[in-house]
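Reading through the structure tokens given below for one structure.
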Amino acid sequence: MKSYRKELWFETKTRREFINITPTLEQCLEESGIQEGLFLCNAMHITSSIFINDDESGLHHDMEIWLEKLAPEKPHTQYKHNGFEDNADAHLKRSVMGREVVIAITEGRFDFGPWEQVFYAEFDGKRKKRVLVKIIGE
Amino acid sequence: MKSYRKELWFETKTRREFINITPTLEQCLEESGIQEGLFLCNAMHITSSIFINDDESGLHHDMEIWLEKLAPEKPHTQYKHNGFEDNADAHLKRSVMGREVVIAITEGRFDFGPWEQVFYAEFDGKRKKRVLVKIIGE
Amino acid sequence: MKSYRKELWFETKTRREFINITPTLEQCLEESGIQEGLFLCNAMHITSSIFINDDESGLHHDMEIWLEKLAPEKPHTQYKHNGFEDNADAHLKRSVMGREVVIAITEGRFDFGPWEQVFYAEFDGKRKKRVLVKIIGE
């Protein structure tokens with residue numbers, strides 16, 4: 001069994017942002033040399049997500065509006081978590097969108113459907129945050 | 001390390017539908033001959049989900065109503081994604097219900113609790129769509 | 001390839017509760033002797049979740065309020081599932097929070113960010129329920 005590990009770093013300019021990290025993850029997979037196995041990618045922080053969906057700007061706009069409706073940022077005082085911090089909504093948004101994805105590796109490539117792209121979702125940005133890649137297989 | 005891969009195809013008659021795929025997945029597991037390992041099952045399309053819950057028609061009815069409340073299909077014009085398409089709500093519903101499940105394999109069987117059943121959730125059906133099975137183990 | 005399996009049992013005194021199970025999972029990992037691999041932890045019941053987030057009581061209070069808003073317990077009669085049971089809301093809350101987490105194991109330890117903690121989320125407690133740990137690796 002082979003294993004591979006890498007940390008990716010992100011620092012967004014805005015509080016919330018979606019970043020397509022598929023090309024970066026493909027580089028990790030190539031570096032690993034793993035042909036058959038499972039690829040785990042997870043946010044290492046608890047106010048961000050990794051998710052798979054469409055790379056379409058209209059959809060990302062809809063998601064921003066939708067998540068803000070499900071778990072509004074403001075007023076900050078509506079949340080008990082917001083004493084020293086103001087990011088309770090980011091913890092909730094991340095709960096909807098998920099911490100991690102597990103991707104099948106087949107013949108050295110992501111075994112994806114036609115539109116699957118991997119995104120880093122930042123819900124409390126403007127600071128350095130990490131994502132973990134771990135691959136196991138052969 | 002052994003690995004196994006299979007694509008499953010679905011074409012629902014309605015826009016939204018839940019299909020119990022547990023028996024089909026059990027066949028895959030048997031075919032694989034894997035006794036100990038991890039079983040990944042994921043939607044290959046970004047408007048459908050794989051999830052584990054109860055096979056109870058009342059609950060499925062409740063889920064349909066609930067998801068429609070969280071991410072309503074209509075009016076289609078409320079979503080920017082809905083230019084050439086009308087399925088923005090399906091992308092959001094899938095975000096709630098998740099893309100994938102990872103199931104433990106123990107002694108050649110799904111290591112399930114008493115009521116766990118695996119479902120394919122279609123949120124934008126009436127066309128051919130795929131689900132991926134990938135198993136790794138020994 | 002090594003594999004490890006354990007069942008954890010919980011019986012909460014209240015209907016809903018979040019329990020930090022990170023120390024228990026760390027014991028499982030140590031027992032397994034696995035240095036590199038993937039650690040799956042899933043609820044074996046369909047009205048509870050495993051999730052990773054912050055161990056902060058204010059946030060847990062916010063999550064309780066938030067989940068109750070997204071999928072209210074009462075009135076019980078609003079759900080078709082609630083014939084002989086009254087736990088439809090628990091099935092929905094668990095759908096938001098997720099069934100499982102997959103954690104990277106690196107050098108015999110959880111490969112976690114600074115605040116990641118694993119929780120058992122009970123949404124229909126006051127009875128014995130199980131969580132599964134399955135680790136594969138080397």
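The values are calculated or read from the model by the stated rules, or taken from the named source; none is laboratory data. Bear in mind that the values here come from a model prediction, so they are computed numbers and not experimental data. Here Cβ is always computed from backbone atoms with ideal geometry, including for glycine, and neighbour counts include all displayed protein chains. Areas reflect the complete protein model, heavy atoms only, side chains present, ligands, DNA and RNA absent. Shrake-Rupley method; radii C 1.70, N 1.55, O 1.52, S 1.80 Å.
Per-residue Karplus couplings for region C:46-57, computed as 6.51 cos²θ - 1.76 cosθ + 1.60 with θ equal to phi - 60°, are listed in order as 9, 10, 9, 10, 10, 9, 10, 6, 7, 8, 9, 5 Hz, Gly and Pro entered as x. The Cα center of region B:84-104 and the Cα center of region A:63-133 differ in position by 15 Å.
Remark: for residue pairs A:K13/A:K134; C:K13/C:K80; B:K69/C:K93, the C-alpha separation exceeds 21 Å in A:K13/A:K134; C:K13/C:K80.
In a DSSP loop and with at most 12 other Cβ atoms within 10 Å, the GluC sites (Glu not before Pro) in region A:1-108 are A:E11, A:E107. In loop segments of region C:73-122 as defined by DSSP, there are no trypsin sites (Lys or Arg not before Pro) with at most 14 further C-beta atoms inside 10 Å of their C-beta. Label separation (A:T14 vs B:R127): 2.9 nm, computed from points 7 Å beyond Cα along the C-beta direction. Each Cα pair under 8 Å and six or more residues apart adds its separation to the average, and for region C:42-138 the resulting relative contact order is 51 percent. In order along region A:110-116, the Karplus-derived 3J(HN,Hα) couplings, from 6.51 cos²θ - 1.76 cosθ + 1.60 at θ = phi - 60°, round to 4, 8, 9, x, x, 10, 5 Hz, and Gly and Pro are given as x. Label-point distances for B:D86 to the equivalent site in the other copies, using a point 7 angstrom along Cα→C-beta, read 4.2, 4.2 nm when ranked shortest first.
May I ask you to give the solvent-accessible area per residue for region C:1-75, in square angstrom, as obtained with a 1.4 angstrom probe? It would help to have the intermediate numbers written out before the result.
Details: 3210 Å² over 75 residues.
Accessible surface, normalised per residue, equals 43 Å².
Taking the 0 to 90 degree range and rounding to the nearest ten, how far is the long axis of helix B:22-32 tilted relative to the main principal axis of chain B, both from C-alpha atoms? Tilt of helix B:22-32: around 40 degrees. Charges were assigned to the Cβ only: +1 to each Lys and Arg, -1 to each Asp and Glu. The resulting dipole of region B:95-134 about its Cα centre is roughly 420 debye. Its DSSP H runs of at least 4 residues, each contributing -39,500 (n - 2.57), put the calculated 222 nm mean residue ellipticity of the protein assembly as shown at -8000 deg cm²/dmol, to the nearest 500. Computed from protein heavy atoms with a 1.4 Å probe, the total accessible area buried between B and C is close to 2500 Å². Loop-located trypsin sites (Lys or Arg not before Pro) in region A:1-40 (DSSP state not H, G, I, E or B) with no more than 14 neighbouring Cβ atoms inside 10 Å: A:K13. In chain A, the longest principal axis of the Cα atoms and the axis of helix A:88-97 are about 40 degrees apart.
For region C:1-32, heavy-atom accessible area (probe 1.4 Å) falls by no less than 50 Å² from the chain alone to the full protein assembly at C:M1.
Under a model in which nothing but the beta-carbon of Lys, Arg (+1) and Asp, Glu (-1) is charged, the protein assembly as shown shows a dipole of about 440 debye around its Cα centre. Overall, the accessible surface of region B:2-137 at a probe of 1.4 angstrom is composed of carbon and sulfur to the extent of 49 percent. Please check which bits of region A:79-109 a label hung off B:E31 would reach, taking the label as a point 7 Å along Cα-to-C-beta and the cut-off as backbone N under 19 Å. Residues A:104-107 fall inside that zone.
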